[in-house]
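Visitor: My questions will all concern the structure given below.
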There are 2 protein chains.
Amino acid sequence: MKLYSYYISSCSWRVRTVLNYKNIKYEYIAIDIRNEKIKHSDEYTKISKTNRVPILELPNGDKIGESMAICEYLEEKYPDNPLYPKNLEDKAKIRNFCEIINSGMQPLQNIFVAKRTPYPKEWCKYWNEFGFKILERELVAISGKYCFGNEITMADVFLHPQVNNGYRFGADMEQFPTVLKINDNLKLIKEFDLAKPENQPDYPKKL
Amino acid sequence: MKLYSYYISSCSWRVRTVLNYKNIKYEYIAIDIRNEKIKHSDEYTKISKTNRVPILELPNGDKIGESMAICEYLEEKYPDNPLYPKNLEDKAKIRNFCEIINSGMQPLQNIFVAKRTPYPKEWCKYWNEFGFKILERELVAISGKYCFGNEITMADVFLHPQVNNGYRFGADMEQFPTVLKINDNLKLIKEFDLAKPENQPDYPKKL
């Protein structure tokens, strides 16, 4: 299995976490998505329909894009170390949480979207704070050590990289103490730590 | 089951389609999401974490938000009239397609996002055309009568309301003949037709 990934991409980070959590070996292929020539090369256009990361290439050559679709695939294909509970209503609540991040936060604060506004920095900060307000309110109600009680779920896979985005984009994260408490707990999980940008082969030696 | 819905909301439309396609009876509760007082009322904040539609309220009182999470729940809970194939790789490709719309197009062209730019009309048109270019290229390669060959899938559930968004926001839809051909085929499906805005109880009698 091959993962086309960029170290700082929060969507790639989600997939790396799931791969680690399920002990799936994979080859890391770094794509510098900030480089327009590489992003829009004929070669990469053949791999990614959207010229974005992550893309998971399966042993049969199939290429799957969109982190949510990849995470769902991995969960179904490799049911050991599950990231969803069996109860369908609880599973739906976790997916609901993931989608608040996946469709309600990350796309809006994506740099290539923000660049199309006259105020990219404020834009990214705004949509992070907007989303974290919702997540904080929700986590106060439902969280334990992790997002949904004391078991690690897909919600944690999506939360952890987004907190990093919040800091990167200057969101005032101190407003969200429950988010930060859970995030601190997630940092201690080996599979989550191995997935962070600093541990990727394309992480710049000197930033 | 209760669906909190707004007639023109494309995300509500997706869920209405799945409910119809699976012959699930539900009570329609209209929420005028354009009215800030209703949207942010204490009453609606108790129902929707994000103050948005759609929300599916289950018979046990659980409330599920985010259309993708709701559609996945309905597919798993009511496996008759499936919207995904059994093969996990094909299923992943369909989810990949759905997410290009769900996280890559609709959130960007949502009016409450566009209003935060100085050029909301151009913004909505741009992100629709941006996304449809990707979808058209993909559909040329994989479509039959519907998005994925000749069987109706979740991809069709997501495509059909988005085409309506494209027209509403002034996208030049003639650039996307394969999208339009499939959309014409989908209009003929009874369950899709019943889900359209004009057939909802909150559709304004005179626009």
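Visitor: Among the numbered criteria (1) of a type in the set (Asp, Glu); (2) closer than 30 Å to B:Lys133 by Cα; (3) out of contact with any Asp or Glu (no Cβ under 9 Å at 6 or more places or on another chain), which one does B:Asp42 miss?
Guide: Of everything listed in (1) of a type in the set (Asp, Glu); (2) closer than 30 Å to B:Lys133 by Cα; (3) out of contact with any Asp or Glu (no Cβ under 9 Å at 6 or more places or on another chain), B:Asp42 misses just condition (2).
Visitor: I've got another one for you. Which one of these does B:Cys11 not meet: (1) touching a residue at least 60 places away in the same chain (Cβ under 8 Å); (2) assigned to a strand (DSSP E or B)?
Guide: Of (1) touching a residue at least 60 places away in the same chain (Cβ under 8 Å); (2) assigned to a strand (DSSP E or B), only one is false for B:Cys11: (2).
Visitor: Also: Out of B:Lys181, B:Lys145, which single residue is among the charged types (D, E, K, R), in a helix (DSSP H, G or I) and at negative phi?
Guide: B:Lys181
Visitor: Could you grab me the full set of residues in segment A:75-124 that are more than 7 Å from chain B (Cβ to nearest Cβ), outside any helix (DSSP H, G or I) and over 15 Å from the mean Cα position of the chain (by Cα)?
Guide: Those that are more than 7 Å from chain B (Cβ to nearest Cβ), outside any helix (DSSP H, G or I) and over 15 Å from the mean Cα position of the chain (by Cα): A:Tyr78, A:Pro79, A:Asp80, A:Asn81, A:Pro82, A:Tyr84, A:Pro85, A:Lys86, A:Asn87, A:Lys115, A:Arg116, A:Tyr119.
Visitor: Residues to consider are A:Asn51, A:Asn60, A:Asn23; find the one that is in contact (Cβ under 8 Å) with a residue 40 or more places away in the chain, of a type in the set (S, T, N, Q) and not in a helix (DSSP H, G or I).
Guide: After ruling out the rest, the residue left standing is A:Asn23.
Visitor: Of the residues that sit in segment B:26-38 and are in a helix (DSSP H, G or I) and at pLDDT 95 or above, which one is surrounded by the fewest Cβ atoms within 10 Å (Cβ to Cβ)?
Guide: B:Lys37
Listed here are the residues, each with its yes/no results for (1) surrounded by 23 or more Cβ atoms within 10 Å (Cβ to Cβ); (2) polar (S, T, N, Q).
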residue	(1), (2)
A:Thr17	yes, yes
A:Asn20	no, yes
A:Glu43	no, no
A:Lys49	no, no
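Visitor: Just one of the numbered conditions (1) within 11 Å of another protein chain (Cβ to nearest Cβ); (2) in contact with a Phe, Trp or Tyr (Cβ under 8 Å, 6 or more places away or on another chain) is not true of A:Trp127; which one?
Guide: Every listed condition holds for A:Trp127 apart from (2).
Visitor: How many residues does segment A:114-124 contain that are buried (at least 19 other Cβ atoms within 10 Å of the Cβ) and in contact with a Phe, Trp or Tyr (Cβ under 8 Å, 6 or more places away or on another chain)?
Guide: Counting residues in segment A:114-124 that are buried (at least 19 other Cβ atoms within 10 Å of the Cβ) and in contact with a Phe, Trp or Tyr (Cβ under 8 Å, 6 or more places away or on another chain) gives 2.
Visitor: Quick one: is B:Arg137 free of Cβ contacts under 8 Å to residues at least 40 places away in the same chain and not in a helix (DSSP H, G or I)?
Guide: Judged against the criteria, B:Arg137 is not a match.
The values are calculated or read from the model by the stated rules, or taken from the named source; none is laboratory data. Owing to the predicted nature of the structure, the values given are computational and were not obtained by experimental measurement. Every residue, glycine among them, receives a Cβ derived from its backbone with ideal geometry; neighbour counts consider all protein chains shown.
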